[in-house]
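Since the structure comes first, as structure tokens, the remarks are kept for the end.
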Amino acid sequence: MFLPSWILSVGSPNSRARQEPPPPSSVFQTLPRDLLIEIASLLECRQDVLNFCITSRHVFTHVSAVLYAQVTLKSVEQCNVTLDMLRTRPGISRHVRELVIRPQARLRKTSFNTLDNAEACSAVAKVAASKSLDALVRFQWDDDELPYHDEMWFALRMGCPQLRYIAASIGSLLPSINNHLYDFTDLKGFSVTLKSGFYECHPDVFIEEDHPITKKLWDMLTRRCPNLEELTIQGSYSVPTDIRCISEGRWPNLRKLTLGDVCIDWFPRSLLPGEKRPFIAFLEAHPRLESLSLSRHTVQPIHLASLDPPSLGRVTSFSGTHQQLLALPQIHSAVRRLAFCDSVETREVSATTVANLLRELTKLAELRISFTLHSMYDSGNLLRSLIQSCPRLRHLELTCAHKPSFQLDAFAKTIRGFPKLRSLALTIVRYPGDETLSAGAAFIARSNPRLRRFSLTFIPPVYPVSLPFSLSFLARPLNLLLPLPDRASGSFELRCDEHGLPLNIAGREHSKMVWPWGLGTSCKTRRYVRDLRPPGLASVRRGGVRGFVDLVCERSSAGEEVRMILFCAMLVCFAVWGFVVTGRSRVAQRAVGGGGREVAMVGVPWGL
């Protein structure tokens, strides 16, 4: 294995230069490309990868493949600047493998902006037409509507020969019959996100099998994309849309299926003896499925029970309701990632029932679950039940809504029962008088130093009766003119020393305040680093006079010892001062007494 020369020379007494390692920029100059990429791939945070890249030009040249592998643009300004840079610098753009466009993600707008949409898709079309993104594999368009210029899809299809995964969103404006979105062939992944505008304006489009849009879309997926591996049809709405024509498709290599609030299980006629429902037959015809995500509208649990036992034997990731999971016992022994799409009502399903279900998932490592608490006391055994049923968890996303559930100091001590937990996302209603986000994060970090990243979110409680706008002041008898906290969230990164002890947490908090009388909302974001080491630690204590004063005043054993030493030193000083003063007075008295006797002797005749 190749090692830099400064590592081999450590400990050599020949010169002072060999005893001190050179700066990082010169060290990385000697490392090979494969080792630099391996180091960058082990960094979990993209900010760390960026800091690693800017150490030197040599590192940036080789590590930019990791930094630019996935590019996400969240505003029109980012689209213009970043895509123009990629168009003019092919040495960087050739590393981009996934591109996500969200033109209005950072804007707090309630209405769709056509100008932003048109400007963003024009920037994408320019960089795609220049053939700079020749390594692009995945492209995602995430906006309230489809791209204003459908020529963007044509530019992507012609300028990106390796593009195999497409994701788009459909709102109130449907794609035209001649839209270039239907021209892709041999795709491996296709995703459609149905926005609220689609549910409100076109809820029955996919029911009509003779509709031009339905025919064009399913002709592309079923005939020209036979090797499809991922299929996603997402959407969230109270009334689902019917899309049962998907059950007629057959893709032998399908590995991931994600269905949102869409209805597939509805069947217009009665079943014949021995006949299975179309969606059940669809699941049985795809034995390579590894990830399955359903909603409560997709299929009824009683129909899932009719699946053949060998079906879905490879599923390791499941998302759905707990009733649907109960109807699929054949996947319990293989599931590693589980997400409950609907919140569990504690008045209907107890925590013990959910824990018994989770106890059958012996390989579960990631869990996302949400509880709707009927009262503050429903969470008493909730966390302990999860700990007993899921001892192998490495990632936990827990939400407890409507009522306060946990005090953060008690929660931080209780989750020690997850010995393998590495990441955590907690969303709760703040307990009355509980700590702030930063203090709660400090509790969690000190009690669980194995956690590397975690997030904490406070949500407002839900009252049983909503007050009208004219009487909203009754809910806040005090501080009528002060804003109410609506939501506060924070993401934290824990840093430990070489012994695994927590050093500090880097936090980013975002809070939203709602002003009374309909005056709107205000948002605030702050970043900080909070030290978690004991206050008497030498590396934490400030130097100089202020550091010494802090040490004297701190409430610790070290502070008590310093104060005792100062008290003893003060006593010694008083004793020394007493001896000095007493000695000077005696010398003065002796000097005064000796002088009087001499004077008296001088005045007396010798003969007397």
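Being under 20 Å from PHE154 (Cα atoms) and assigned to a loop (DSSP other than H, G, I, E, B) is a condition met by no residue of the stretch 191-200. Exactly one residue among LEU364, LEU312, LEU307, LEU386 is in a loop (DSSP other than H, G, I, E, B), of a type outside the set (Asp, Glu), in contact with a helix residue (DSSP H, G or I) (Cβ under 7 Å, 6 or more places away or on another chain) and more than 30 Å from LYS276 (Cα to Cα), and that residue is LEU364.
Quick one: in the stretch 204-244, of everything that is among the hydroxyl-bearing types (Ser, Thr, Tyr) and part of a loop (DSSP other than H, G, I, E, B), which residue is nearest to ASP186 (Cα to Cα)? The residue in question is SER236.
Entry remark, the stretch 188-226: residues being at pLDDT 95 or above and farther than 18 Å from LEU259 by Cβ number 1 in total.
Screening PHE406, PHE318 for residues that are under 27 Å from the mean Cα position of the chain (by Cα), touching a residue at least 24 places away in the same chain (Cβ under 8 Å) and part of a strand (DSSP E or B) leaves exactly one candidate, PHE318. Which is of a type outside the set (D, E, K, R) and assigned to a strand (DSSP E or B), of SER333, SER370? Checking each option against the conditions leaves just SER370. Residues considered: LEU257, LEU338. Of these, the only one that is farther than 30 Å from LEU383 by Cβ, touching a strand residue (DSSP E or B) at 6+ places or on another chain (Cβ under 7 Å) and modelled with pLDDT of 95 or more is LEU257. Filtered by the rule that a residue be of a type in the set (Val, Ile, Thr) and surrounded by 20 or more Cβ atoms within 10 Å (Cβ to Cβ), the stretch 348-357 gives a lone residue, VAL354.
Within the stretch 43-67, the set of residues being part of a loop (DSSP other than H, G, I, E, B) and more than 20 Å from the chain's Cα centre (by Cα) comprises ILE54, THR55, SER56. Of the residues in the stretch 158-173, none is in a helix (DSSP H, G or I) and in contact with a strand residue (DSSP E or B) (Cβ under 8 Å, 6 or more places away or on another chain). When ALA123, ALA128, ALA155 are screened for being in contact with a Leu (Cβ under 6 Å, 6 or more places away or on another chain), buried (at least 20 other Cβ atoms within 10 Å of the Cβ) and free of Cβ contacts under 8 Å to residues at least 40 places away in the same chain, only ALA128 passes. Checking ALA412, ALA339 one by one, the residue that is in a helix (DSSP H, G or I) and among the small types (Gly, Ala, Ser) is ALA412 and no other. From the list VAL71, VAL96, VAL81, VAL100, the one residue that fits, being of a type outside the set (Ser, Thr, Tyr), closer than 21 Å to PHE139 by Cα, assigned to a loop (DSSP other than H, G, I, E, B) and modelled with pLDDT of 90 or more, is VAL96. For the stretch 380-408, the tally of residues that are among the polar types (S, T, N, Q) and within 13 Å of ALA355 (Cβ to Cβ) stands at 4. Within the stretch 520-530, can one find any residue that is assigned to a loop (DSSP other than H, G, I, E, B) and either surrounded by 12 or more Cβ atoms within 10 Å (Cβ to Cβ) or modelled with pLDDT under 70 (or both)? Yes, the stretch 520-530 has at least one match. All conditions in (1) open to solvent by less than 10 Å² (accessible area, probe 1.4 Å); (2) over 24 Å from ILE459 (Cβ atoms) hold for THR362, with the sole exception of (1). Annotation for the stretch 422-438: no member residue is closer than 17 Å to GLY500 by Cβ, among the β-branched types (Val, Ile, Thr), under 19 Å from the mean Cα position of the chain (by Cα) and buried (at least 21 other Cβ atoms within 10 Å of the Cβ).
Just one of the numbered conditions (1) open to solvent by 80 Å² or more (accessible area, probe 1.4 Å); (2) farther than 30 Å from ASP531 by Cα; (3) not aromatic (Phe, Trp, Tyr) is not true of GLU345; which one? Here GLU345 meets the rest and fails (1).
The values are calculated or read from the model by the stated rules, or taken from the named source; none is laboratory data. All values reported here derive from a predicted model rather than from experimental measurement. Using ideal geometry, Cβ is built from the backbone for each residue, glycine included, and neighbour counts are taken over all protein chains shown. Just the protein is used for accessible areas: all its heavy atoms, side chains included, with ligands, DNA and RNA removed. Shrake-Rupley method; radii C 1.70, N 1.55, O 1.52, S 1.80 Å.
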